[in-house]
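Visitor: Have a look at the structure that comes next, please.
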Amino acid sequence: MDGPATLQDYKAAMLLSGVGDALGYRNQLWEYNESGPAIHQELQELGGLQNITVQLPDWPVSDDTVLHLATAEALTTGKEGEELLQDVAARYVEGMKDMERRKPGPSSILGVSQLRPGTAGGFRVPYNPDSTGCGAAMRSMCIGLRYPWPEQLSTLVAVAVETGRMTHPHPTGFLGAVASALFTSYAVQRRPITSWGFGLLKEACPIAKSFVQSQGFAVNETERDWGYFPQKWEWYLELRGLSEGKGPVSWPVSFGPLERDKAYKSFSLDGWAGRSGHDAPMIALDALLAAGSDWKELMNRGGFHGGDSDSTAVIACCCWGLLYGTDGVPPANYTHLEYRERLERSAEKLYALSHSGLA
């Protein structure tokens, strides 16, 4: 982890995001399981994480990876501005044709059905007060790979907001995209993980608010519904002793699968852990703070819990791959992953684009 992220780290990030998705999803069985202890029991019966060969048909990726690839592959074209947004919209429409047994969420289905790529402003959809889910957060990590540097923060935020609100125009939804993209960029930069939430609140959210106002689209509704996301993040950072962006992290004395389920529910909007735009990246960050370089511990916390476990894992594992590569990850977990080639190819192109022009 010396120096900024390498090409191999980029490839590990995209690859392991898909692995975390497939593992947390378990072909629909674990994404909809509300009991972390039950998931851990099933994991033990499978012989533990090291004995899982992630491959079809039993371990497909979910909608998370399909739409993350759609975002990534649009970004690899090098397009910018509205041309990029039109391309992303077109790829989301195409991606929705690859959803057999992948379980896309209602806001993603509705939002994509309203996109009109190729027409003026066709990447925007009407404001949806119910679009608070994690569908934007789970597909936006690659934005941080494309725009990883501090001087690119306003571009990262703009792209995350606009691509996020293609399906999740509610700020609790699209600010999740900002969080996922931002955390990935921080991982590239090697910023201390203890500072990530602070940076989200103090650096990225104000830029996001100014950007929304500058675009003149659904400004009143967005401002009306803005407060929940930053308030919940302030609450979380206080809970973990990270309000100033510095450690040490404050952990409960006992924090096993049962206690984590209870804690993650307290993070949530509606009792379904990781389902919303604010708490999918929050659980991912919680797992990263605790796991360090331990892949198994990352998955125990970020992927094997009650609730939307694939969406929390897809974010956590992308950041973890940037920090630690594939060291300590059993090859069986990633060698035969569905869409592995596409994930690694997009990582190579994103790395080249993000490093072009750098001395």
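The values are calculated or read from the model by the stated rules, or taken from the named source; none is laboratory data. On a predicted model such as this, the values are computed, not experimentally measured, just so you know. Backbone-built Cβ (ideal geometry, glycine too); neighbour counts: all protein chains shown.
Visitor: Picking from 240, 224, 191, which residue would you name as being surrounded by 15 or more Cβ atoms within 10 Å (Cβ to Cβ) and without any contact (Cβ under 8 Å) to a residue 12 or more places away in the chain? Break it down stepwise before answering.
Guide: Working: 240 fails: without any contact (Cβ under 8 Å) to a residue 12 or more places away in the chain; 224 fails: surrounded by 15 or more Cβ atoms within 10 Å (Cβ to Cβ).
The conditions single out 191.
Visitor: Let me confirm something: among 185, 180, 210, which residue is modelled with pLDDT of 95 or more, surrounded by fewer than 24 Cβ atoms within 10 Å (Cβ to Cβ) and among the hydroxyl-bearing types (Ser, Thr, Tyr)? Full working, then the answer.
Guide: Working: 185 fails: surrounded by fewer than 24 Cβ atoms within 10 Å (Cβ to Cβ); 180 fails: surrounded by fewer than 24 Cβ atoms within 10 Å (Cβ to Cβ).
On inspection, the qualifying residue turns out to be 210.
Visitor: I would also like to ask the following. For the stretch 276-309, give me the residue count where each residue is surrounded by fewer than 22 Cβ atoms within 10 Å (Cβ to Cβ) and acidic (Asp, Glu).
Guide: 2
Visitor: Residues that are out of contact with any Leu (no Cβ under 8 Å at 6 or more places or on another chain), at least 1 per element: which helices (runs of 4 or more DSSP H) completely within the stretch 191-283 meet that?
Guide: On the way: elements: 196-199, 205-215, 219-224, 228-239, 257-267.
The qualifying helices (runs of 4 or more DSSP H) are 205-215, 219-224, 228-239, 257-267.
Visitor: Of everything in the stretch 278-295, what is out of contact with any Phe, Trp or Tyr (no Cβ under 7 Å at 6 or more places or on another chain) and under 18 Å from residue 18 (Cβ atoms)? Give them in sequence order.
Guide: Answer for the stretch 278-295, where residues must be out of contact with any Phe, Trp or Tyr (no Cβ under 7 Å at 6 or more places or on another chain) and under 18 Å from residue 18 (Cβ atoms): 280, 284, 287, 295.
Visitor: Scan the stretch 85-109 residue by residue and report those that are in a helix (DSSP H, G or I), at pLDDT below 95 and not polar (S, T, N, Q).
Guide: Going through the stretch 85-109, the residues in a helix (DSSP H, G or I) turn out to be 85-95, 106-109.
Checking which are at pLDDT below 95 leaves us with 106-109.
106, 109, listed by residue number.
Visitor: Return only the number of the condition from (1) under 12 Å from residue 157 (Cβ atoms); (2) touching a Cys at 6+ places or on another chain (Cβ under 8 Å); (3) in contact (Cβ under 8 Å) with a residue 40 or more places away in the chain that residue 184 does not satisfy.
Guide: (1)
Visitor: Is one or more of the residues making up the stretch 267-284 touching a Pro at 6+ places or on another chain (Cβ under 8 Å) and free of Cβ contacts under 8 Å to residues at least 60 places away in the same chain?
Guide: No, the stretch 267-284 has no match at all.
Listed here are the residues, each with its yes/no results for (1) of a type outside the set (Ser, Thr, Tyr); (2) within 18 Å of the chain's Cα centre (by Cα); (3) more than 13 Å from residue 346 (Cα to Cα).
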| position | (1), (2), (3) |
| --- | --- |
| 3 | yes, no, yes |
| 33 | yes, no, yes |
| 38 | yes, no, yes |
| 55 | yes, no, yes |
| 58 | yes, no, yes |
| 64 | yes, yes, yes |
| 71 | no, yes, no |
| 77 | no, no, no |
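Visitor: Report every pair of residues separated by at least 6 positions or lying on different chains whose Cβ atoms are under 9 Å apart, first residue within the stretch 1-21 and among the acidic types (Asp, Glu), second modelled with pLDDT of 95 or more and not in a helix (DSSP H, G or I).
Guide: Here the result reads 2/190; 9/325; 21/61; 21/62; 21/303, each pair linking the stretch 1-21 to a residue that is modelled with pLDDT of 95 or more and not in a helix (DSSP H, G or I).
Visitor: Test residue 43 against the stated conditions and say whether it is out of contact with any helix residue (DSSP H, G or I) (no Cβ under 8 Å at 6 or more places or on another chain) and surrounded by fewer than 24 Cβ atoms within 10 Å (Cβ to Cβ).
Guide: Values: out of contact with any helix residue (DSSP H, G or I) (no Cβ under 8 Å at 6 or more places or on another chain): no; surrounded by fewer than 24 Cβ atoms within 10 Å (Cβ to Cβ): yes.
The answer is no for residue 43.
Visitor: If you don't mind, another one. Check 177, 160 and return the single one that is in contact with a Ser or Thr (Cβ under 7 Å, 6 or more places away or on another chain), assigned to a helix (DSSP H, G or I), aliphatic (A, V, I, L, M) and closer than 16 Å to residue 314 by Cα. Steps first, please.
Guide: Working: 160 fails: closer than 16 Å to residue 314 by Cα.
Checking each option against the conditions leaves just 177.
Here's the yes/no breakdown for (1) among the β-branched types (Val, Ile, Thr); (2) farther than 21 Å from residue 233 by Cα:
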site: 254; (1), (2): no, yes
site: 263; (1), (2): no, no
site: 285; (1), (2): no, no
site: 306; (1), (2): no, no
site: 312; (1), (2): yes, no
site: 327; (1), (2): no, yes
